[in-house]
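The values are calculated or read from the model by the stated rules, or taken from the named source; none is laboratory data. Computed from a predicted model, the values in this text were never measured in an experiment. Cβ: placed from backbone, ideal geometry, glycine included. Neighbour counts: every protein chain shown. For the accessible areas, the whole protein counts, side chains as well, though only heavy atoms, and no ligand, DNA or RNA atoms are used. Shrake-Rupley method; radii C 1.70, N 1.55, O 1.52, S 1.80 Å.
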Amino acid sequence: MSKKTVKDLRGFAGTHVFVRVDYNVPLEDGRITDETRIRASLPTLEYLIKGGARLVLASHLGRPKKGPTPELSLGPVAVRLGELLHREVKVASDCVGDDVRKQAEALKDGGVLLLENVRFHPEEEKNDPAFARRLALDTRSTVFVNDAFGSAHRAHASTEGVAHHVKRALAGLLMEKEIRYLDMAVHPKERPLVAALGGAKVSDKIQVIEALLERVDALLVGGGMAYTFFRAKGFPTGKSLVEEDKVPLAAELLKKGTGKIVLPVDHVVASKFAADAEHRELPAQEVPDGWMGLDIGPITRRAYAERLRAAKVVVWNGPMGVFEMKPFAEGTLAIARAMADSKAVTIVGGGDSVAAVTQMGLADKIDHVSTGGGASLEFLAGETLPGVACLEEA
Ligand code: ADP
Ligand code: MG
C-alpha cells in the first residue's frame, strides 16, 4: 500500500493546507512533559512552509467531556511549536467559525495557525459531515494532509471527514514513514519475517496474532500472554496472568501455527507481583505453587535474540516481561538490544514497547519506532485505517 504525500504537491505557495497533526501530548499543570509528538511533526511542516503554504494545523488533546475545557487547550503546544519552528504560531480560539475564518484569511505564505482542540466539538468524534465541511471551508483549506498516524484508526471529522471537502488529500511525511515500515510486516517482500509479541494479554492482541500468523515465519511469544498458551499446553501456571476464557483459542492458535509459534522454554518466576519479590529462573513447565511468571528466562532470551539476528524484517509489539520492575526487565532489554544490533529492518509498535525502548535509550538504533499505539496494532492486524484510506493512492 502506498499513498501520495506532500512531496506530490506542486506549486502550493499561497495555498491553505489543513494539516492534521498529533499533538495529544502529556501535560502537567499546563507544562508539556514529552514533546516527541511535536518534534515528529516538524519535517512535514518545514517542507510545507518552505514551499510557501499557509498552514492550518488541527489536533485533539485529551478527552474533553463537555465542550471547551481550558486545561485541554492547545495554547502551550503553540508556544513550544513556535520555538521549534523559529516562527510565530498563531493559536485560534476555536477550530471553526468566524474568528477562524478571519485568522485563516490573514495568513501569509509560510504562516502557521494552530486551531484549538478539535474535540471541544462533539461533532469531531461523530465525524459529522457538516462539521467536517466547516473545518475545510472556515479555514479556507483546499488541501488536507494527514500526519496524525496515531489517530488514523479513528474516523473522525479532522482525520477522515475533512478529506471529502478538499481538492487533495495526502499523507504527511511521518504518516508516510509509518505506512512504509508497518507495511513491511503486513506485506513482507523479504524473509524471514519474525515477530516478537508480548505484553499483558492474549485478548488485547487476538487480531494481531491471527493476522501475523499468516504472514510471519516465526512468532516469538513472551510477556503475560505466554501463560494462556502454557495453560493450553497443560503446563502449571501458578498465579501467572492466564485468561481462562482464551485458553481454547490459544490451543487453536497453537494448532494452526504449528512450527511458527515459539513459546519461552524458561522464565523468571516470582513469589508476588512486586519489585522486591523473591524470584527464580526455572524451566517453563515449572512454577512453585502460588508463584507467578514475570519475565522470559535467559535461555529464551538468547534463543529469541538469535532468531531476531537471523531475520530480514523484525516487528515487535509488547514487552517480554514486567519491565517496569527491574528484576523482570531483562527479557525486554534483551529483545530491545537484539533489535538494536540486528541488520534486519526493525519495527517497534505499541505504547508500552515503545516506552521500553525509549527508556532503555535504544530507540535511535531501531529503524522505525511507531508513534501510534492503537493505530499500529490495527495496521499490523491488517485492518484498513480510515485516516489512511481517505488519502490518495500513489
Ligand atoms: P503494548 O502497549 O506495547 O502494546 P501491552 O499494553 O500489551 O503492550 O502490555 C504491556 C504490559 O504488559 C506492561 O505493563 C507489562 O508489565 C505487562 N507484562 C509483561 N509481561 C507480563 C507478565 N508476565 N505478567 C504480567 N504482566 C506482564
Ligand atoms: Mg499498552
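What to note about this one:
- The helices (runs of 4 or more DSSP H) found entirely in the range 5-99 include none that carry 3 or more residues being in contact with a Phe, Trp or Tyr (Cβ under 9 Å, 6 or more places away or on another chain), over 25 Å from residue 153 (Cα atoms) and of a type outside the set (D, E, K, R).
- Out of 186, 268, 221, 202, sole residue that is within 16 Å of ligand 1 (Cβ to nearest atom), at pLDDT below 95, among the β-branched types (Val, Ile, Thr) and buried (at least 16 other Cβ atoms within 10 Å of the Cβ): 202
- Cβ pairs under 6 Å, 6+ apart, first in the range 356-369 and open to solvent by 40 Å² or more (accessible area, probe 1.4 Å), second at pLDDT 95 or above and in a strand (DSSP E or B): 367/345; 367/346
- Total residues in the range 67-88, condition β-branched (Val, Ile, Thr) and open to solvent by less than 20 Å² (accessible area, probe 1.4 Å): 1
- Test: residue 195 is part of a helix (DSSP H, G or I), on the phi < 0 side of the Ramachandran plot and open to solvent by less than 50 Å² (accessible area, probe 1.4 Å): no
- Positions within the range 344-363 being farther than 17 Å from residue 182 by Cα and either more than 15 Å from ligand 2 (Cβ to nearest atom) or of a type in the set (Val, Ile, Thr) (or both), in sequence order: 357, 358, 360, 361, 362
- Residues in the range 11-38 that are among the basic types (Lys, Arg) and at pLDDT below 95: 31, 37.
- Boolean, residue 120 is open to solvent by 10 Å² or more (accessible area, probe 1.4 Å) and among the hydrophobic types (A, V, I, L, M, F, W, C): yes
- Single unsatisfied condition, residue 386 versus (1) away from ligand 2 (no atom under 16 Å from the Cβ); (2) open to solvent by less than 10 Å² (accessible area, probe 1.4 Å): (2)
- Within the range 370-383, tally of residues that are away from ligand 2 (no atom under 16 Å from the Cβ) and either in contact with a Phe, Trp or Tyr (Cβ under 8 Å, 6 or more places away or on another chain) or without any contact (Cβ under 8 Å) to a residue 24 or more places away in the chain (or both): 0
- Residue in the range 205-218 that is within 16 Å of ligand 2 (Cβ to nearest atom), closer than 17 Å to residue 377 by Cβ and out of contact with any strand residue (DSSP E or B) (no Cβ under 8 Å at 6 or more places or on another chain) present: yes
- Leading residue by the ranking (farthest from ligand 2 (Cβ to nearest atom)) among those in the range 331-343 that are of a type outside the set (Ser, Thr, Tyr) and out of contact with any strand residue (DSSP E or B) (no Cβ under 6 Å at 6 or more places or on another chain): 343
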